[in-house]
Amino acid sequence: MQALTGDALLRDIEAETVDFTDNFDGSQQEPLVLPARIPWLLLNGSSGIAVGMATNIPPNLGELIDGLVALIQNPEITDSQLMQYIPGPDFPTGAQILGTTGIREAYTTGRGSITMRGVAEIETIQSRGRPEREAIIITELPYQTNKAALIEKIAEMVNEKRLEGISDIRDESDRDGMRIVIELKRDAYPRVVLNNLYKQTPLQANFGANMLAIVNGEPQLLTLKQFLSVFLDFRIEAIIRRTRYELRKAEERDHLLQGLLIAMAHLDEIIDLIRHAADTPTSKTLLFTDSWLSESQADAILQMQLRRLTALEAEKIRLEHEELQAQIADLQDILARRDRILQIINTEVAQLKASYATPRRTVIEPAEGEIGDIDLIANEKALILVTEQGYVKRMPVSTFEAQSRATRGKSGTRMKEDDGVEHFLTCCDHDSVLFFSDRGVVYSLKAYQIPVASRTSRGAPIVQLLPIPREEKITSVVPVSEFTSDEYLVMLTKRGYIKKTELAAFSHIRANGLIAISLEEGDQLRWVRRARVEDSIIIGSRYGMAIHFRTSNEQLRPLGRATRGVRAMKLRQGDELIGMDILPSSILATLNPGEEDISADIEDIEIEDSESEELTEAVVQSQGPWVLIVTMSGYGKRFPFSQFKLYNRATKGKIATKFKERKVKDKLAALRIVNEDDELMMITSRGIIIRQSVNAISPQSRTATGVRVQRLDEDDAIAAVALVPPSTGDEESE
């Protein structure tokens, strides 16, 4: 900690980074503040009382740096979002914090009561030759709790009969750590005794956070973001002052070097001038009056040793001059660009974290009966929309009523001219929403954390909600209500690699994301779906081809997060994948096993394309499952899934649809598995949304061209299709 103090508090203090003033008797100068590289008030904590005011700031450690970096990357971040990086105080004594309500109040309002509890375990011990008995072992105490005072308090309460069931108490602490042993009587209930210790002694205490600090000479009550923002402004000013100091020193040194270079270029004249001067002051005066040299340069020439007149020394001076010129240009660039200064701060704090940060000591435990945000939010159906330029918003599904087929729909968003809808899904407000980027990284938000917006609003920039680098793009969004080990995430890349990974592997996603898949150079993660091991996958291509194979371990064995996957489908020249969907095993079991053809390839397609487009009455009356096809020009159809055989992975599949002759540029927009009673929502690239029932779309054969499902403007096209989540029992009762 001493090394951290010196490095983080005092470095650059000689570089004019802070102001100095006289000390108490005027004999020395002392700094008004120290040029700290980290927000020391939050890291070390503070406690004090003044006239009419008090401060009590809880400490923290490495997580502060993560929060500071997040603020640098996203200046619009909120206090609640910062708490994803800084979940709460990290006390040097460890122990536990009960509940997050007090932390949230302290970090968002400046005041809050944080409940701390020591770490205690109930063990069976044997000592002094006596029979085994139960004992409470205390290994960690709440912050600012004195061990001797605690033992004295417990002993006093035992003697006064205010604590029952304790037979002995002793301190067995040593160099390896704290250990307070409280032996219990034979008839005592250990859990009851421990609860009484929590209730009546300092083993459980409250930390009354009062986030008061002096800002610009005035006391202010600060939130977490305000603390970090004030420090960031201070640090920017310190770096600017340090850079100006270094620039001045570099320019002064370079000025002298330029004088030496001039002297070497006119060596004979200068030697002659010095030789004929009466004394040193005269020679100095002649040098800066009779030549282009300044007084400081003339002084440097007179002090130069004769050995520096050699060719080697002259070359060293020239190289140093060139290095200083590059350094001066770099320092001037730092002063001219705020992003360079922020980058320097980012680098400095990252180095401090790598050198000194330690794992969190204080564990934050949920308080019994504590009400969280999710308990106060209704679990309603929601529609989430993400645009190409990274705007995201949430709308209630009830915003859009079901419409007839072939109508135009309602505007679902207001976008810039060069923007378009990229992702479109439905879920419930309590669901976790996983955002997968093209670089194979996954980020997570609760659905209710995405701001609600009206139909005509653009939404919020997603970089304000998630720490997504500028070079990354969200390519898939998946809602998850529960992370289970018997369900998988199936991932498909642009180049056609596919893999499945247990959903439980994504239950704890860090605030700055988690690697979901390993990608080869030039590849991108494009689609992610949820599936079970008994399910099957259907993958569609832009030219209307599709392949259907099982997700069983024989076809697609489970892999870890940092793996690439295997080949999914062969594509014709110029074709590309447009997405995939999952067929549940309960439906797959109803298919005739004889329809599976694990060797079929493109040769089978030519024969099957000659099938009639007519469907039998029995097929038309089927309740599903159906394969829903929607093209970019607004045509759609559904046909029974029984028309799709099971193939081997990495084959070419079969034709899923044909396109209208007059729509020669038409391509497949979406391929989804639906049931008769499902509702779907379609959105165009210009943000027009239509909601309609699946049974409003006519059943047709696999090789038919479909009917118009949405009327589009001439320059518009279908961008995405999403299914409305089914109603829950609670919603139906409401």
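No lab work stands behind these numbers, since they all come straight from the coordinates. Please read all numbers here as calculations on a predicted model, not as lab measurements. Cβ placement follows ideal geometry from the backbone for every residue including glycine, while neighbour counts extend to all protein chains displayed.
Values for this structure:
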item	result
Fewest-first ranking of ILE317, ILE270, using other Cβ atoms within 10 Å as the exposure measure	ILE317, ILE270
Placed amide H near GLU140: partners under 5 Å, 5+ positions off or other chain	VAL119
Sites HIS276 and GLN303, calculated FRET efficiency, Cβ-Cβ separation with R0 22 Å, nearest 0.05	0.70
Calculated from backbone phi, Karplus (6.51, -1.76, 1.60) coupling profile of segment 518-531 in Hz, x at Gly/Pro	8, 10, 7, 4, x, 8, 9, 6, 10, 9, 9, 9, 8, 7
Note, ³J(HN,Hα) from phi for segment 570-582, Karplus 6.51, -1.76, 1.60, rounded to Hz, x at Gly and Pro	7, 10, 6, 4, x, 7, 8, 6, 10, x, 8, 9, 10
Enclosed volume per residue, in Å³, of the convex hull spanned by Cα atoms of segment 243-333	94 Å³
Per residue Cα convex hull volume in Å³ - calculated over segment 423-524	113 Å³
Per-residue ³J(HN,Hα) for segment 327-339, Karplus 6.51 cos²θ - 1.76 cosθ + 1.60, θ = phi - 60°, Hz, x for Gly and Pro	5, 4, 4, 5, 5, 5, 5, 4, 5, 8, 10, 5, 5
Sequence-distant residues sharing a close amide H with GLY579 (under 5 Å, placed H)	GLY540
Per-selection Kirkwood Rh - segment 119-202 (Cα, Å, 1 d.p.)	13.1 Å
Cut-off under 5 Å, modelled amide H: who pairs with GLN389 long-range	GLY420
Principal axes of segment 456-587: Cα extent on each, largest first, Å	40, 37, 36
Partner lysines for LYS381 [C-alpha distance under 28 Å; skip if fewer than 8 residues away on the same chain]	LYS393, LYS410, LYS416, LYS446, LYS473, LYS500, LYS637
Length-normalised contact order for segment 272-357 - Cα pairs under 8 Å, 6+ apart - percent	11 percent
Relative contact order (%) - criterion: Cα under 8 Å, at least six apart; region: segment 119-202	31 percent
Descending Cα extents along the principal axes, segment 439-484, whole Å	34, 30, 15
Sites GLN144 and PHE20, calculated FRET efficiency, Cβ-Cβ separation with R0 30 Å, nearest 0.05	0.35
Dipole of segment 243-333, positive end: most advanced residue of LEU319, GLN258, ALA277 [Cβ charges, Cα centre]	ALA277
